[in-house]
Amino acid sequence: MDETAIKKKYDDLTNQGLLPLVFKNITIEDPQSNHELVDRSHFVSPKFNTRMMNFQYIDRTFIV
Amino acid sequence: MIKKKATKFLFLTTFSKESLIEKTMLHCLKHNIEVVRINIEDFVPYQNSNLQIAIMDQDVSLKVGEKQHLLSEFTLIWKRRISNNFLSAERLLAGYRDAVSPEIKRSLISEIYQVRDLLLHCANNLNIPVINDYDPVCLNKPFQSIKAAQFGLQTPAILVSNSSTEIRSFVETKPAITKPLGGFGYMFDGSAIMSVYTTSVDQSYIENISTDVIFPSFLQERIQSQYELKCILVGGEVYCVKQYSVEDGGIPTTDIKTAIAEKKIKKVQYHLDSSVANKVVSLCQYYKLDLCTFDLIYDDQKGYIFIEINPDGIIEYYGEFLDSPIHEAIFRLLMDRAGLPNN
């Protein structure tokens, strides 16, 4: 299903009163550019590692 | 002679890329404090999982790599962003993708939350302080607004309703936004990953609603402003960043993510009026929040207006715009709660 079709689906469901109003404006996330959705294999070890400090800080997604 | 317990902190986190935890760990190590970090994703088997947990009657054993720790050895626990989003993300149970139904997967996630909570209950039982062991009531956004007003803060008008008539009359009288009552995190529809954010609601937004009774929705009055204040609470201290538009038109209250991506938003450190800061600190204390972010908007006529608290907000992001490193403030908070000198 393409992005437009997904948005239409949730728009229609909201118009039918089945979903909260906020669902009329869903965002389709890009897993490749959203660090929270990147597969875990792309992360370094969860153990403390000073190499982590070399990561350049990138703009975070607004999830909360 | 009673042997004095060595200072040892446990950081209970998720597999987030946020380096706030690492910076704080480094700072602790600099002050000769041992820190053990565990991520709750490691409770489930995965290729690189190196955590083994055993919760018993009297204590909890945590084997991290080759090293064994007992929960009772820890001076303090800092829990960071273990409440939502991450566990619901598909990647945690990637190995289960085709093995079990989505319903079973949801139940498994719920079971992992029980393990997480059990660990924290045991910590409470052992009288180990837990940083940001907040009351889950604070996750409810409309109630934040109701409670903030009780603490003397100005708040936008709100409406939570399943009545399309009530919603229409709210939108007719004032500009409005809608957002989740709590938060949905990421949602999956086939291969698509979706999320929902605060969005503007006008008459055209709701004109096609076809039923009198709809799914309960949260509306909030939309406050127009030249700038928004993104604040970080660390213990009783408030650090504040003013976020404003480099263009003339005031701060966008709904599509801020896009505006930031297009570099239309600037941020600078801001000194928040202490009378307002004190009220928000009292509100956060009511919720037992030690570390969170909260949003205010400044209106020329009304002054500061409370918008919301994010109990697991993006502290490091806003901390980047402050004069002093935010992880050092967090370190002071940890030391204070551990009953240790912080300099």
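Computed values, structure above
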read-out: Alpha-carbon Debye profile of chain B, log10 I(q)/I(0) at 0.07, 0.09, 0.12, 0.14 Å⁻¹; value: -0.35, -0.57, -0.99, -1.28
read-out: Cβ-based net charge around B:Lys179, under 10 Å, with every Lys or Arg adding one and every Asp or Glu removing one; value: 0
read-out: 5 angstrom amide H check on B:Lys8, placed H, neighbours 5+ away; value: B:Thr75, B:Leu76
read-out: Interface residues, the stretch A:18-32 - accessible area loss of 40 Å² or more versus chain alone, probe 1.4 Å; value: A:Pro20, A:Leu21, A:Val22, A:Phe23, A:Lys24, A:Asn25, A:Thr27, A:Glu29
read-out: Accessible surface of B:Arg81 - all protein chains present, 1.4 Å probe, nearest 10 Å²; value: 10 Å²
read-out: Backbone HN-Hα couplings from phi across the stretch B:134-139 [Karplus 6.51/-1.76/1.60, Hz, Gly and Pro as x]; value: 6, 6, x, 4, 5, 6
read-out: Computed log₁₀ I(q)/I(0) - Debye formula, equal Cα scatterers, no solvent, the stretch B:204-343, q 0.13 Å⁻¹; value: -0.66
read-out: Rg/Rg_globular for the stretch B:95-207, with Rg_globular taken as 2.2 N^0.38 Å and Rg from C-alpha atoms; value: 1.48
read-out: With all protein chains modelled, accessible area of B:Met335 [1.4 Å, Å²]; value: 10 Å²
read-out: Relative pair counts by distance (%), Cα atoms of the stretch B:197-251, 10 Å bins; value: 16, 32, 27, 18, 6
read-out: Chains B and A, summed buried accessible surface - 1.4 Å probe, Å², nearest 100; value: 5000 Å²
read-out: Heavy-atom accessible surface of chain B: percent carbon and sulfur, 1.4 Å; value: 49 percent
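The values are calculated or read from the model by the stated rules, or taken from the named source; none is laboratory data. Quick caveat, the model's predicted, so the values are computed rather than measured. All Cβ positions, glycine included, derive from the backbone under ideal geometry; neighbour counts span all protein chains shown. Side chains included, ligands, DNA and RNA excluded: accessible areas come from the protein's heavy atoms. Shrake-Rupley method; radii C 1.70, N 1.55, O 1.52, S 1.80 Å.
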